[in-house]
Structure formats: C-alpha cells, structure tokens
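Take a look at the structure below.
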Amino acid sequence: MKKLKVNKQEFIIIFIIFFLMLLLNLITPMIMDDFYYSYGLNGRISSFKEILDFQVWHYINWGGRTIAHTLVQFFLMSHKIIFDFFNSFMYVLLLYIIYLLISKDQKRNPLYLLLINFALWFSVPAYGQSFLWLTGSCNYLWTSTLILIFIERMMNEEFTLKKMTKSKILLFFIFGVVVGWTNENSAAALIAIYASYLFIHRFISKKKISSVQISGLLGSFIGFCILILAPGNYARSKGIIDKTPFILKMIVRLLNITEKAIPFIIVFVAILIIVLSVMIYRKQKIKKNIFVFLIGAFVSIYSMVLSPVFPERSWTIAIIFMILACGSAICHLEMNGKLKKFILMDFVILLSFVFFRGYILTVLDTYHLYKTWNSRINTMEKGKKKGTLDFEFDLIYTTTKQTPSYGLGDLYQGKDDLNNMCVAKYFKVNSVQAKTEKQLKD
C-alpha cells in the first residue's frame, strides 16, 4: 500500500501534533461519565466479561452505543496514561485519514495536515469533549476515525477491485457492522455517504460495484439498525414527556437545528461556494466526492431532528465531513503550483500564531482542571483518615472550548445527584457535592 507510506515531512508534522495532543491528554483528569462507566453490574470493572455483562444491561436499559462504551470501559480498567497515548495516536490517525481522503488522486502536500488540525481546533464546537475527555473521545474521536477508515477503504479502488476471498469480504462486512453500530448521526451519515458514492460510482461514472463494497454497505446498515433499535433508546425516551404534535415538533427542531448550524458551518459553505465557482468558471471537472461528503455532513446534522437534544459534541462528525468536502475542493482546485503552495504556507503561518496562543490558554485551563481534581482527591483521602466521609467543593470553571470540561458540567448541589453519587462511589466516601450559593458567599 504505497499511498499509506508517511514521508519525512508528514512524519515530523504528525509527531509534533501527537506530542501536543499527548500533553493535553496527560493533564486531562477523569470527569463526569468516566466515574459512572468505571463500574459494571457488580462493582469496579476488572475484566472483559464484566464489560460485556454491563453492555448487555446498558443496551436494554439505556442506549445502543455498545461499541463506543465498550471502548470507554476497556480503557477505564487500566491506568489512564495508557488511554492518553492511544487517544493521541487516534487523533493523528484521524488527521491522516482525512488527509488521504482529500488528496485522493493528487500529489500530497504535508501543509494540509496542519490545516486539517487547525480546522478541527477552531471549528469543532466541543473540541475538548470530543477529543480529550475519555468518554467523549471514545464516542466521537474513536468512532469518527473508524468510520473514516471504513470510507477510505470503500473508496479505494486498489482495495475494492482486487480479487477478494470470502473471508476478506466477511471481515469487511463485520467492519461495516462495527462502524454502523457506533453513534447515531455518524452512522446515518456513513450510510448516506456510502449509498450516494456507490450510486455515483455505478450510474454516473459507469463503474462496477464490487462484492466487498456491497458487503460493507449491508454490514453498516445492519450495525445502524442494531444501534437505533436498542430497547434502551425507547426505555430512556419514556422519561421525556412532550405532548407537542409530532409534525409541529419536527418543524420546530428543524428550524432550531438550522439556526444553530449557521455559525458552525457558514465558513465551510462560503469556502465551498467560492472554490466551486472558480472550478465552474474555469470549466474544471469537479470531483464527485466533494458532494458525497457534503451529503454526509447535512445528513449528520438533520438526522438529529429525531433527537430531543443536540449536544455540541454531536456536531463533531458534521464538521469532519465539512472539512473533507472543503479540503477535497481546495486540494483539487487547479492553479499555479507555486502560487497555491505560497497561499497554503501563508495560511499555515497566520493560523499557527492563533493556534499556539489558544493552545497555551487551553493547557493552562486544562492544568487548572487537573490541579483542582488532584486537590479534591487529596482532600478526600485526608478526610477519610480523619473519619470525614461527606465533602463539598467549589465548582471548577473553565474558559476555553478546547478544555475537556468546557460546557460539560462539574459537581452538582445535592447528595442524590447521579454524577455526585458516582464520584463518591469511586472515591469510597459517603457523599460529594458542590457548595451551595450561600456557602460560596460565606
């Protein structure tokens, strides 16, 4: 596989980004759902069997994201530093797969790796939740990377057109089931991309669809069905009482999603309009993959009309597909080679200054989170030795969206809050909660 070889410049860039991500991962403590998923049905998770037992219960009682939460619990069994290294690797793998997809059939330029990193850093609404927080990363970074690997294989004719054994076709089918079983709007977008690509491939490009591509589509659809038909999805939805007529509810959600989408995707849409206009003016052939990725982005956004909530971290896959659409358009735009290289270099230099300022602020913000949690842990350990088992702490406030706890929440008031109870259980104390407003004033 020649195309997958990393040259020296690419390796240096990947290594630098890996190091930057590793530093942030190392100072990211366990937060929120990490404490909940540390436990199975009979105490702390300590074996793969206990993970499977819990995931069966979770599938029936809470939701269908079995693949993502299996990953979460697998990493929570061991020291977090193991996850930190793997998570940093998964992030640069995501960058590299995006890089391969946008530079398909073109000479690769390592500057695109930096621009992809900047695009994710500045554009993903809940960057820290999606790429640093352990539970969030397994749900969004890891699943997105698996989906993109699957898409890259499906679009790679060197892979799909070579003679396949039945076992390899079966393996790709299983891979399809896995990626279809990841997360709701990501899997919906995957199927839309897959189906639209094969439609274009067969009826517009007049090319043959291979058996491995068919098996992958079938597998991803089955995985998606397993995901959305989880009894836990329906059990959980019973707790949401909304008597609004279905059609009116869908219209309201559609309008709300559209309003929310504008600040997230307007820059990408503008870039696409400009680049595609130049291509049309120059009568340049436009790559079909640009529209395929664009379809995926909008399906990932508007499929959320079926959900009562649309957390910012769920926009991650939409932003990734918008980056793929814009990146593919820019990469395939025909213009003077030297001029294009100088323009890309100018953007890299300008964005680097903004990025490193933001990165330093994020390190400081995340380190504040890290120190505060360490202080809380020390307070609880010292308190237990003195017989104190009930604790109240000041809230932690973070200010940069790349910080893992930004917009996520912290401890809450009240001993019976589920998150507080999970923290207390993890540290073997009676109760943990946030200080009341009156206590904070005093």
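The values are calculated or read from the model by the stated rules, or taken from the named source; none is laboratory data. Predicted model only: the values in this text are computed from it and were never measured. As a convention, Cβ positions derive from the backbone with ideal geometry for all residues, glycine included, and neighbour counts pool all protein chains shown. Side chains are part of the model used for accessible areas, which takes the heavy atoms of the whole protein and leaves out ligands, DNA and RNA. Shrake-Rupley method; radii C 1.70, N 1.55, O 1.52, S 1.80 Å.
A compact table of results
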item: Flag for MET380 being hydrophobic (A, V, I, L, M, F, W, C), open to solvent by 70 Å² or more (accessible area, probe 1.4 Å) and either farther than 17 Å from LEU20 by Cα or part of a loop (DSSP other than H, G, I, E, B) (or both); result: no
item: Every residue from region 205-218 that is touching a helix residue (DSSP H, G or I) at 6+ places or on another chain (Cβ under 7 Å), open to solvent by 30 Å² or more (accessible area, probe 1.4 Å) and of a type in the set (A, V, I, L, M); result: ILE209, LEU217, LEU218
item: Hey, LEU339 open to solvent by 40 Å² or more (accessible area, probe 1.4 Å) and modelled with pLDDT under 95 or not; result: yes
item: First in region 4-24 and closer than 18 Å to LEU101 by Cβ, second anywhere and polar (S, T, N, Q) and buried (at least 18 other Cβ atoms within 10 Å of the Cβ), Cβ under 8 Å, 6 or more apart; result: ILE17/ASN117
item: Failed item, numbered, when ILE169 is tested on (1) of a type in the set (Val, Ile, Thr); (2) over 24 Å from THR316 (Cβ atoms); (3) under 18 Å from the mean Cα position of the chain (by Cα); result: (3)
item: Residue list for region 305-336, restricted to those being open to solvent by 10 Å² or more (accessible area, probe 1.4 Å) and among the polar types (S, T, N, Q); result: SER307, ASN336
item: Flag for GLU184 being open to solvent by 20 Å² or more (accessible area, probe 1.4 Å), within 18 Å of VAL292 (Cα to Cα) and modelled with pLDDT under 95; result: no
item: Where a residue in region 192-217 is over 18 Å from VAL177 (Cβ atoms) and among the hydroxyl-bearing types (Ser, Thr, Tyr) and its partner, wherever it lies, is assigned to a helix (DSSP H, G or I) and open to solvent by 20 Å² or more (accessible area, probe 1.4 Å), with Cβ under 6 Å and at least six apart; result: SER196/ILE295
item: Number of the exception - MET90 against (1) surrounded by fewer than 22 Cβ atoms within 10 Å (Cβ to Cβ); (2) modelled with pLDDT of 95 or more; (3) more than 23 Å from ALA119 (Cβ to Cβ); result: (3)
item: THR388, sole failed condition from (1) in contact with a helix residue (DSSP H, G or I) (Cβ under 9 Å, 6 or more places away or on another chain); (2) open to solvent by 80 Å² or more (accessible area, probe 1.4 Å); (3) not hydrophobic (A, V, I, L, M, F, W, C); result: (2)
item: Residues satisfying the stated conditions in region 6-16, i.e. of a type outside the set (S, T, N, Q) and surrounded by fewer than 20 Cβ atoms within 10 Å (Cβ to Cβ); result: VAL6, LYS8, GLU10, PHE11, ILE12, PHE15, ILE16
item: Qualifying residue in region 60-68 (condition: in a helix (DSSP H, G or I), under 20 Å from GLY358 (Cβ atoms) and either of a type in the set (Ser, Thr, Tyr) or touching a Cys at 6+ places or on another chain (Cβ under 9 Å) (or both)); result: no
item: Scope region 280-304; condition assigned to a helix (DSSP H, G or I) and either modelled with pLDDT under 90 or open to solvent by 30 Å² or more (accessible area, probe 1.4 Å) (or both); matching residues; result: ILE280, TYR281, LYS288, PHE291, LEU294, ILE295, PHE298, VAL299, TYR302, SER303
item: Evaluation of PHE347 against (1) touching a helix residue (DSSP H, G or I) at 6+ places or on another chain (Cβ under 8 Å); (2) buried (at least 17 other Cβ atoms within 10 Å of the Cβ) (one fails), failing number; result: (2)
item: Residue in region 204-234 that is farthest from PHE150 (Cα to Cα), counting only those that are within 25 Å of the chain's Cα centre (by Cα) and at pLDDT below 90; result: TYR234
item: Condition met for ILE265 (open to solvent by 90 Å² or more (accessible area, probe 1.4 Å), part of a helix (DSSP H, G or I) and not charged (D, E, K, R)); result: no
item: Candidates THR135, THR143, THR182, filtered to the one that is assigned to a helix (DSSP H, G or I) and either under 17 Å from ILE319 (Cβ atoms) or out of contact with any helix residue (DSSP H, G or I) (no Cβ under 8 Å at 6 or more places or on another chain) (or both); result: THR143
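To keep it simple, each residue is scored yes or no on (1) more than 30 Å from ILE13 (Cα to Cα); (2) at pLDDT 95 or above; (3) open to solvent by 10 Å² or more (accessible area, probe 1.4 Å); (4) touching a strand residue (DSSP E or B) at 6+ places or on another chain (Cβ under 8 Å).
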{"residue": "LEU52", "(1), (2), (3), (4)": "yes, yes, yes, no"}
{"residue": "GLY64", "(1), (2), (3), (4)": "yes, no, no, no"}
{"residue": "ALA68", "(1), (2), (3), (4)": "no, yes, no, no"}
{"residue": "VAL72", "(1), (2), (3), (4)": "no, yes, no, no"}
{"residue": "ILE98", "(1), (2), (3), (4)": "no, yes, no, no"}
